[in-house]
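S.K.: Starting off with a structure, shown below.
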4 protein chains.
Amino acid sequence: MTSTVAGPPRSPGRPRSARADEAIIDAVLDLLAEGNTVEALSIEAIAARAGVGKATIYRRWSGKESLLADAIRTLKGPTPEPAGESVREDLITLLTVVARKGDERALKIMPCIMPEVNRSPEQYRIWQEVISPRREKMREVLRRGIRTGELRADLDVELTLLLLTGPVVMQRTMRWHPGLDDTTLPARVVDAVLAGISAR
Amino acid sequence: MTSTVAGPPRSPGRPRSARADEAIIDAVLDLLAEGNTVEALSIEAIAARAGVGKATIYRRWSGKESLLADAIRTLKGPTPEPAGESVREDLITLLTVVARKGDERALKIMPCIMPEVNRSPEQYRIWQEVISPRREKMREVLRRGIRTGELRADLDVELTLLLLTGPVVMQRTMRWHPGLDDTTLPARVVDAVLAGISAR
Amino acid sequence: MTSTVAGPPRSPGRPRSARADEAIIDAVLDLLAEGNTVEALSIEAIAARAGVGKATIYRRWSGKESLLADAIRTLKGPTPEPAGESVREDLITLLTVVARKGDERALKIMPCIMPEVNRSPEQYRIWQEVISPRREKMREVLRRGIRTGELRADLDVELTLLLLTGPVVMQRTMRWHPGLDDTTLPARVVDAVLAGISAR
Amino acid sequence: MTSTVAGPPRSPGRPRSARADEAIIDAVLDLLAEGNTVEALSIEAIAARAGVGKATIYRRWSGKESLLADAIRTLKGPTPEPAGESVREDLITLLTVVARKGDERALKIMPCIMPEVNRSPEQYRIWQEVISPRREKMREVLRRGIRTGELRADLDVELTLLLLTGPVVMQRTMRWHPGLDDTTLPARVVDAVLAGISAR
DNA sequence: CGTTAATCGAGACGGTACGTCCTGTCTTCGG
DNA sequence: CCGAAGACAGGACGTACCGTCTCGATTAACG
């Protein structure tokens with residue numbers, strides 16, 4: 001007797017190469033880290049760098065957009081799990097980018113990815129899907145803060161989400177303020193938003 | 001002899017057509033408003049729409065980047081002048097986009113311009129130049145608020161700038177929160193940042 | 001010991017499917033008859049039409065060239081055997097195409113096969129092998145005619161072979177003269193070449 | 001006053017470069033002469049060899065087919081003008097290929113062009129157009145021969161055309177008979193067809 | 001009767017060429 | 001000299017096949 005239970009529904013034909021997947025994603029990240037611009041990122045260059053035919057890319061992704069999205073997904077690593085002790089700590093955790101372990105390319109790449117997000121509605125949709133888990137976790141933390149009394153009872157959750165993520169994303173995207181260090185920024189933004197800027 | 005007074009150092013040959021300038025800028029804004037995406041914005045399409053030769057565009061701008069910058073500059077209208085009575089009112093004024101009178105395309109175009117800004121260092125430099133006057137005015141308002149005691153004495157001006165502009169730009173770019181109306185957003189952001197979100 | 005007589009050198013493993021052979025050849029002929037052009041004949045299309053994997057084709061033939069050659073070989077049927085009574089009759093017999101019984105595709109396919117023959121030296125070699133038996137038989141008939149006195153004693157056999165086959169092949173290939181019926185053509189060519197066109 | 005008569009209807013814009021035309025045709029002939037096969041003739045290779053963008057080729061020709069036709073047209077030189085003294089001489093003249101002066105590539109290229117002619121109906125149409133003038137002149141010579149009594153009164157002109165051109169084209173295409181020299185072939189074919197091969 | 005081994009279908013693989021589109025430059029003519 | 005028009009070299013796009021390769025599943029003959 002071999003097996004009476006139905007195994008996984010394996011599709012016929014040669015299975016897709018996991019090596020190719022990795023090589024392609026890696027080529028994307030390499031080229032981004034080298035060029036620091038998305039303009040220099042052509043499918044042909046990716047295929048050449050990955051040692052892969054163009055068709056192998058198009059078999060997996062519909063275009064540059066979704067390929068980029070997956071590359072970033074890979075880069076970002078899993079959504080961090082907030083400790084749940086204080087609202088402040090949890091928000092800082094969720095605002096901090098956790099790159100895939102050992103990937104130094106993350107910080108170089110992030111700023112030049114952001115601008116791509118809104119170039120087309122489709123790209124935007126894909127990107128939303130990528131970051132929505134983290135955003136949902138932030139909403140939960142805010143709601144918990146209201147319940148526990150750490151935050152105002154009349155808080156507008158959506159507005160607050162914008163107050164917290166807007167500055168961090170913008171700084172990451174635009175690098176407008178050279179004096180603001182990226183590693184300490186989440187903490188400073190959270191503290192300022194918690195406290196307000198008015199004099200007492 | 002036709003003229004004895006020294007005229008302005010007029011170069012010989014046919015002068016540049018002001019009609020062409022307008023037609024080109026208008027074509028850019030039209031195409032952006034129609035397509036809602038910058039990807040579909042090619043120099044060839046702009047030239048065709050404007051009824052203009054490609055060379056006429058390249059004679060005036062170095063490339064798509066600076067053309068876009070000028071188009072936005074035109075769209076935005078002049079930097080608003082804050083009244084100077086209260087920090088709150090002035091910040092709201094400066095965070096509100098004032099479109100060129102009678103141009104309904106502004107709100108449709110803004111979100112799809114933002115992402116272009118950081119695609120290359122050059123484009124970023126141009127964009128900074130466009131918005132730096134407004135940012136400088138905001139700094140002045142913040143410093144005045146510190147002097148008048150309306151704001152905390154230990155306020156980090158650059159961080160606060162980020163706290164105010166980040167959410168507004170992000171919402172304009174990403175349209176993440178459908179419930180947040182764009183016209184009332186600046187006021188709500190300013191109020192929230194002034195007050196903070198912590199329970200008292 | 002199971003067998004003392006030396007059986008056929010049967011290789012182990014699953015034997016090749018005769019159904020596949022037929023399906024492939026048939027798919028080739030179908031596609032040729034449908035498309036009336038060799039350009040539309042891709043290995044992938046053949047495999048799909050035959051319901052066969054590409055590897056099954058490449059296991060049997062080295063490429064499109066030899067597959068085509070075999071398809072034609074199948075189509076043509078065996079070399080006809082001249083009766084040997086008169087040179088005229090024998091030449092007409094040898095110039096007439098005898099298609100495999102019941103295959104109406106032959107006449108549609110022939111013209112579009114011819115051009116393929118000379119696309120590469122290899123293809124040419126294969127083709128020569130296909131038609132050489134028939135050509136050799138024609139040479140014999142011509143030599144016999146010289147011996148029997150039916151033909152000139154100083155006849156150049158190779159030149160005459162060209163005089164006879166050239167017009168028939170060309171008409172079949174190019175269809176230049178719509179008035180010349182394909183079924184009566186061999187007889188008319190033979191008669192004209194035998195008699196000459198000069199006035200007496 | 002410059003000119004009141006309507007000049008040639010010059011189209012606006014930069015005129016097409018004659019240099020490009022020549023370079024492209026020359027590249028085609030070079031690649032054919034080198035490779036001796038049409039399979040190795042890609043548009044990309046032609047563009048590279050000619051130092052020309054692919055678009056410059058597609059602006060002038062609809063595809064490989066019509067480009068090839070023009071290349072051959074150029075190679076062949078003008079249709080020869082028969083002297084009109086004897087049918088024999090005129091036919092030999094018309095059957096002999098006159099290559100463009102000083103172009104040694106002609107003889108290498110001709111054989112590998114022929115097979116292309118019938119790969120598709122469109123290609124066939126183009127080719128017919130290329131050689132129809134020469135064929136029409138041959139018809140005239142044959143009709144004149146009938147009138148002058150040099151040829152049989154009951155001659156079938158179309159059949160005779162086939163008898164003459166078939167062998168020459170076939171030998172040129174297939175190179176089946178190595179002993180038959182291409183330069184003397186037209187004369188030998190004409191003589192044989194004139195005289196017939198039957199014993200007297 | 002189970003092992004062995006070549007076949008089958010399916011389809012992914014690294015490539016090459018296709019024909020289209022856009023870039024930024026140039027070359028023509030007319031204003 | 002500027003204007004439109006449009007050709008130029010170059011290069012990326014996404015598609016279609018090429019001929020090869022890897023899968024799990026058949027299908028015989030051998031042991």
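The values are calculated or read from the model by the stated rules, or taken from the named source; none is laboratory data. This is a predicted model, so every value here is computed, not measured. When we count neighbours, we look across all protein chains shown, and the Cβ atoms used for this are built from the backbone with ideal geometry, even at glycine.
S.K.: Provide a single number: the residues in the stretch C:45-78 that are away from DNA strand F (no atom under 12 Å from the Cβ) and touching a residue at least 40 places away in the same chain (Cβ under 8 Å).
M.R.: Residues that pass the stated criteria total 8.
S.K.: Restricting to the stretch B:144-157, give me the number of residues that are loosely packed, with under 15 Cβ neighbours inside 10 Å, touching a helix residue (DSSP H, G or I) at 6+ places or on another chain (Cβ under 9 Å) and facing another protein chain (nearest Cβ under 9 Å).
M.R.: Summing the residues that are loosely packed, with under 15 Cβ neighbours inside 10 Å, touching a helix residue (DSSP H, G or I) at 6+ places or on another chain (Cβ under 9 Å) and facing another protein chain (nearest Cβ under 9 Å) in the stretch B:144-157 gives 1.
S.K.: If you go through the stretch D:121-143 one residue at a time, how many are in contact with a helix residue (DSSP H, G or I) (Cβ under 7 Å, 6 or more places away or on another chain) and in contact (Cβ under 8 Å) with a residue 40 or more places away in the chain?
M.R.: Looking only at that region, the number is 10.
S.K.: Only one of these conditions is not met by residue D:98: (1) assigned to a helix (DSSP H, G or I); (2) under 11 Å from the mean Cα position of the chain (by Cα). Which number is it?
M.R.: Evaluating residue D:98 over (1) assigned to a helix (DSSP H, G or I); (2) under 11 Å from the mean Cα position of the chain (by Cα) leaves (1) as the failure.
S.K.: Taking residue B:160 as meeting all but one of (1) under 30 Å from residue A:33 (Cα atoms); (2) at the interface with chain A (Cβ under 9 Å from one of its Cβ atoms); (3) of a type in the set (Val, Ile, Thr), write down the number of the exception.
M.R.: Checking residue B:160 against (1) under 30 Å from residue A:33 (Cα atoms); (2) at the interface with chain A (Cβ under 9 Å from one of its Cβ atoms); (3) of a type in the set (Val, Ile, Thr), the one that fails is (1).
S.K.: Sort through D:85, D:81 and tell me the only one that's more than 15 Å from DNA strand F (Cβ to nearest atom) and more than 17 Å from the chain's Cα centre (by Cα).
M.R.: Exactly one of D:85, D:81 is more than 15 Å from DNA strand F (Cβ to nearest atom) and more than 17 Å from the chain's Cα centre (by Cα), namely D:85.
S.K.: From D:40, D:6, D:18, grab the single residue that is surrounded by fewer than 11 Cβ atoms within 10 Å (Cβ to Cβ), of a type in the set (A, V, I, L, M) and modelled with pLDDT under 90.
M.R.: The unique qualifying residue is D:6.
S.K.: State yes or no: is residue A:75 part of a helix (DSSP H, G or I), under 11 Å from the mean Cα position of the chain (by Cα) and at pLDDT below 85?
M.R.: yes
The rows are residues; the columns are (1) under 21 Å from residue B:39 (Cα atoms); (2) outside any helix (DSSP H, G or I); (3) within 15 Å of DNA strand E (Cβ to nearest atom).
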| residue | (1), (2), (3) |
| --- | --- |
| A:27 | no, no, yes |
| A:33 | no, no, no |
| A:39 | yes, yes, yes |
| A:49 | no, no, yes |
| A:56 | no, no, yes |
| A:68 | yes, no, no |
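S.K.: Taking the stretch C:103-143, which residues are within 9 Å of chain D (Cβ to nearest Cβ) and modelled with pLDDT of 80 or more?
M.R.: Once the filter is applied, which keeps residues that are within 9 Å of chain D (Cβ to nearest Cβ) and modelled with pLDDT of 80 or more, the stretch C:103-143 yields C:128, C:135, C:142.
S.K.: Would it be correct to say that residue C:86 is more than 15 Å from DNA strand E (Cβ to nearest atom), surrounded by fewer than 18 Cβ atoms within 10 Å (Cβ to Cβ), at pLDDT 90 or above and within 14 Å of another protein chain (Cβ to nearest Cβ)?
M.R.: yes
S.K.: Exactly one condition in (1) within 14 Å of another protein chain (Cβ to nearest Cβ); (2) more than 16 Å from DNA strand E (Cβ to nearest atom) is not met by residue D:100; state its number.
M.R.: (1)
S.K.: Okay, next question. Checking residue D:65 against (1) charged (D, E, K, R); (2) more than 8 Å from chain C (Cβ to nearest Cβ); (3) under 30 Å from residue D:179 (Cβ atoms), which test does it fail?
M.R.: (3)
S.K.: Please name all residue pairs, on different chains or six or more residues apart, with Cβ atoms under 7 Å, provided the first residue is in the stretch B:1-22 and is under 30 Å from residue B:68 (Cβ atoms) and the second residue is of a type in the set (Lys, Arg) and at pLDDT 55 or above.
M.R.: B:21/B:60
S.K.: Let me ask something else. How many residues does the stretch D:5-43 contain that are near DNA strand F (Cβ under 9 Å from one of its atoms) and more than 18 Å from residue D:76 (Cα to Cα)?
M.R.: Of the residues in the stretch D:5-43, 10 are near DNA strand F (Cβ under 9 Å from one of its atoms) and more than 18 Å from residue D:76 (Cα to Cα).
S.K.: Considering the stretch C:176-200 alone, what residues qualify as being in contact (Cβ under 8 Å) with a residue 60 or more places away in the chain, within 23 Å of residue C:107 (Cβ to Cβ) and at the interface with chain D (Cβ under 8 Å from one of its Cβ atoms)?
M.R.: Within the stretch C:176-200, C:189 is the sole residue that qualifies.
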